[in-house]
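Let me begin by presenting the structure, written as structure tokens, before commenting on it.
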Amino acid sequence: MLRRKAFTLLEVLISIALLTLVMLALNRSVAILRDSNTHLFEYLKTAKTETKVLNVLYRDIIASDGNLTISKDDFSRLCIENTINSLYELPSAKVCWVVLKQDNTLLRVEGNNYSLPVGYEEEVEADLLLKDLELFDVYHEKDKVMVLIKERNKEAMGFMLEGISKPEVKKRDNNLTNPATVPSPVEIPPSN
């Protein structure tokens, strides 16, 4: 009987061809998986940024005294006159959320005692949050605040808060401001 001690050349070539086909299929699968992971990473990064923006805006409003100013003139803006939610460790801050019209960029401006537009001498911190906005709307009625944000080619995001009421303006006491009702000073006679 003749014993075979090695593979024939034909068997080696067939095994190399099969191994090449398997490696090509695996390489294509790895490339598809890599692309999928890249897209997923970008989506999660964007979703995390959007969630962070909503979270900061939510905390700004919930930690405020309720004194909100909403303006939709030159550029859309929401100004929170006094909030304890500070990203820069201020005890209380004025925070304005501003949409710049030229490129629809959402900014968060934080500081104390400033007015918009901000001058170069005012000390504020401005954070660029989102680009390419289609919608930034804030509604404040009675004790409810509703926020809607939408970036181009993305789904709208938003939230609604209850219990955010404007601070009550203290009424002046008419008795103290009307001179007819203010008691005249009592004269004390000189002592002898």
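Any read-out appearing in this document is the output of simple, stated calculations on the displayed coordinates, not a laboratory observation. For clarity, every value in this text was computed on a predicted model and none was experimentally measured. So basically every Cβ, Gly included, is an ideal-geometry build from the backbone, and we count neighbours across all protein chains shown.
Before moving on, here are some points about what is shown:
- Rounded to the nearest 20 debye, dipole of the range 1-150 from Cβ charges on Lys, Arg, Asp, Glu: 1640 debye
- For the range 40-49, 3J(HN,Hα) computed residue by residue from phi via the Karplus equation (6.51, -1.76, 1.60; θ = phi - 60°) reads 5, 4, 5, 5, 5, 5, 5, 5, 5, 4 Hz, glycine and proline entered as x.
- Order of VAL138, VAL95, VAL12 - criterion: other Cβ atoms within 10 Å of each residue's Cβ, fewest first: VAL12, VAL138, VAL95
- Using only Cα coordinates, the Kirkwood hydrodynamic radius of the range 1-139 works out to 19.6 Å.
- Listed residue (SER92, PRO117, THR51) projecting farthest to the positive dipole end of the range 45-162, Cβ model: THR51
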